Every structure is written in C-alpha cells, then in structure tokens.
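Values quoted throughout were computed directly from the atomic coordinates according to the rules given, and no laboratory measurement underlies them. Bear in mind the structure is a predicted one, so any value in this text is a computation, not a measurement. Cβ placement follows ideal geometry from the backbone for every residue including glycine, while neighbour counts extend to all protein chains displayed.
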Amino acid sequence: MTEYRLELNGMSCDSCEKIIRRVADQNQFSIKEIDVKKGTVILDANEAQIDQIKKQLAQKGFPSKTSDDQIERGDPSGVVKYVSSIVARERQVEVETNLINYALGSFLILIILGSLAYSFWLVRLPSASAYLPLIGLSLLGSVLIVLSYYHMLCYRKEMSCTNGMMVGMTVGMIAGFLSGAIIGATNGMFIGSVVGVAIGMGLGGNLGRCCGIMGALEGLMAGLMAGTMGAMLSVMLINDNLIPFMYLLFGASSLILGGLSYMMYREAGVTSKDQLKVNFTGFVLASFLLAGFLILVMFFGPKGPLIYA
C-alpha cells in the first residue's frame with residue numbers, strides 16, 4: 001500500500017465525504033483523512049488501483065484538479081455515460097440493468113394480459129373504447145412507479161437527509177400525480193384525488209422515512225398535493241385535448257424519474273445486486289396489482305359529474 005494525496009473538485013459537504021467513503025469501501029482501499037474545505041483526500045491504495053479510483057471519484061462528481069477528463073456536476077456527458085453503461089450492461093450498473101429488464105418484461109406481460117382482458121371482458125363495459133388510451137397509460141404508469149420505487153429502495157441505507165427528502169418528494173409527487181390524473185379523467189375529481197393521494201402519500205412517505213420524520217413528511221405532503229392536482233388537471237382538461245396532454249405528462253414524468261435514478265447513482269454510489277429488494281416475479285406482481293387497481297377503479301368506481309367519455 002502507498003499513501004496518495006488527491007486534490008478534488010466538487011467537495012462541499014458531509015454528504016460528499018459519505019460518497020467518497022462509499023467508493024473506498026467498494027474498491028477496498030482505506031482513507032486516512034478527508035478535508036472537505038480544502039478538497040483533499042489522503043488514502044492508502046495499491047498503485048494499480050489509483051487510476052480506477054480517480055475515475056470512479058470523477059464519475060461521482062469529484063474529478064481531480066489535475067485531471068483533463070473531468071465530469072463536473074450537471075455535465076450532460078455524465079448522463080450519456082450513465083445511459084451508455086446501462087445499454088452495455090456494465091458491472092457498476094448491474095442493478096439498474098436488471099430493473100430495466102424487469103420493467104420491460106413486466107410491461108410486455110401487462111400488455112398481453114390487458115389485451116386479453118379487454119377482448120373478453122372490458123370491451124363489453126360502457127366507455128371501454130374511449131378509455132383504451134387511459135388503460136394503456138395505467139399499465140405504463142404502474143411499471144414506471146414500481147421501477148422507481150424499487151430502485152430508490154436500493155439506496156435507503158446510503159441516502160443523506162437531503163437526498164432522502166428529494167426521493168420521497170419526487171416519487172410521491174409523480175406517483176400521486178399520474179394516478180390522480182388517470183382516475184380523475186375517468187371518475188371525476190373526488191375519486192381521482194382519493195386514489196392519487198393514497199398512492200402518492202403511501203409511496204412518498206415510505207421512501208422519505210429513511211431519513212426520519214422530516215423525510216416522511218416531505219413524501220406525505222408531496223403525495224397529498226400531487227394527488228389532488230393530478231385529478232384537478234384532468235377535470236379541467238376534459239374538453240381540451242386531455243389525452244395528448246396525458247402523453248406529454250407521462251413522458252415528462254419518465255424523464256424526471258430517470259433523472260432521479262441518475263442523481264442517486266451519482267450521489268450515493270454504485271449499488272450491489274444484494275441490495276435489490278425484488279425479483280422479476282415480484283416486480284411483475286407489484287405492477288399488475290397497481291395497474292389492476294387503477295383499471296378496476298376506472299370502470300367500477302363512483303363517477304363524478306365531469307368525466308372523460
């Protein structure tokens with residue numbers, strides 16, 4: 001082992017120190033001292049390790065001050081590398097690759113099951129053909145929500161308070177907004193708000209509680225606001241291009257959830273396969289239960305005075 005002194009950019013707080021120590025644990029080198037104010041790290045490592053250590057620290061937002069290959073926070077090239085590594089199935093994104101495969105497989109299964117249900121049962125119900133786009137969005141939204149939820153669970157032990165509140169707020173808000181918007185369109189604002197709030201508060205509060213009561217409250221409040229806002233927005237757009245807007249809404253939500261996943265990958269470090277709390281069967285089941293619940297409420301729940309079709 002040789003002692004090295006690294007001068008890094010991007011260090012600003014205790015959360016930065018936590019990320020650097022996590023990189024050390026993953027690469028089996030020891031840190032002797034971290035000075036956040038000066039941006040220096042003193043560590044013991046083998047000579048063969050040092051280049052890889054610098055590369056991983058740069059990927060997490062802490063490039064060496066003497067490096068020509070820096071990835072600063074907010075640099076779009078970091079996102080491109082993250083996506084490229086998932087496509088290439090690289091080892092450091094094994095969890096993300098598995099979850100995306102689960103999501104694609106689950107969505108395909110839900111489409112098959114949904115098509116069968118529609119052909120033999122739902123098609124006989126009132127408004128079935130008009131609700132078809134919303135049924136498809138229910139399937140897609142369920143998979144997106146489950147994907148984000150299980151990915152964030154992988155980081156529960158590594159989340160700082162700030163990141164935990166952000167995770168609870170974002171997942172709670174997106175889950176509540178999408179659910180509320182779908183059911184608000186088919187059942188009206190009251191039932192849409194109830195469903196959106198229940199799903200948003202449940203998921204947001206559960207993820208946010210990893211950093212204590214403050215994070216849990218952040219997730220609960222986000223779910224409460226988003227659930228009612230999603231239902232209200234659908235009712236307001238009933239006669240004004242609701243379905244095209246729903247497509248835009250789901251596209252924007254997908255980008256936000258993808259950005260959240262990248263943020264946690266950068267902030268909390270690489271997760272191991274052992275931290276993945278679900279297998280493919282469990283992922284499919286969770287997606288099926290959420291989508292099934294939304295579709296059942298869509299057709300059999302109480303209807304408000306203003307609904308789509």
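Go through 41-48, 291-298 and give me the packing order, highest mean Cβ count within 10 Å leading.
Final packing ranking: 291-298, 41-48.
Cross-link candidates for Lys303: which lysines have Cα within less than 19 Å, leaving aside residues fewer than 8 places away along the same chain?
Filter leaves no residues.
Say the dipole of the chain comes from +1 at the beta carbon of Lys and Arg and -1 at that of Asp and Glu; which of Met263, Thr2, Gly114 then lies farthest toward its positive end?
Among Met263, Thr2, Gly114, the one farthest towards the positive end of the dipole of the chain is Gly114.
What is the helix-to-structure angle for 213-236, meaning the angle in degrees between its Cα long axis and the longest Cα principal axis of the chain, kept from 0 to 90 and rounded to the nearest 10?
Tilt relative to the chain: about 40 degrees.
Let a ≥ b ≥ c be the square roots of the eigenvalues of the Cα gyration tensor of the stretch 90-300; is it rounded (a/c under 1.5), or, if not, prolate (a/b larger than b/c) or oblate?
Here the stretch 90-300 falls in the oblate category.
Need one word for the stretch 224-290: rounded, prolate or oblate. Basis is the Cα gyration tensor (sqrt eigenvalues a ≥ b ≥ c); a/c below 1.5 gives rounded, then a/b vs b/c decides.
prolate
Mind checking the dipole of the chain: about its Cα centre, +1 per Lys or Arg Cβ, -1 per Asp or Glu Cβ, Debye to the nearest 20?
600
Please tell me the relative contact order of the stretch 152-290 in percent, rounded to the nearest whole number, where contacts are Cα pairs under 8 Å and at least six residues apart.
Relative contact order, the stretch 152-290: 29 percent.
Along the charge dipole of the chain, which of Phe283, Gly304, Leu203 sits closest to the positive end, that is, farthest toward it, with unit charges on the beta carbon of Lys, Arg, Asp and Glu (+1, +1, -1, -1)?
Result: Gly304, furthest along the dipole toward the positive end.
Sort Val171, Val87, Val93, Val23 so that the residue with the fewest other Cβ atoms within 10 Å of its own Cβ comes first and the one with the most comes last.
The fewest-first ordering by Cβ neighbours comes to Val87, Val23, Val93, Val171.
Near Lys18, which lysines are there with a Cα under 18 Å away, not counting those fewer than 8 places off in the same chain?
List returned: Lys32, Lys37, Lys38, Lys54, Lys55, Lys60, Lys157.
Helix 161-187 against the longest principal axis of the chain: what's the angle in degrees, Cα atoms only, rounded to the nearest 10?
20
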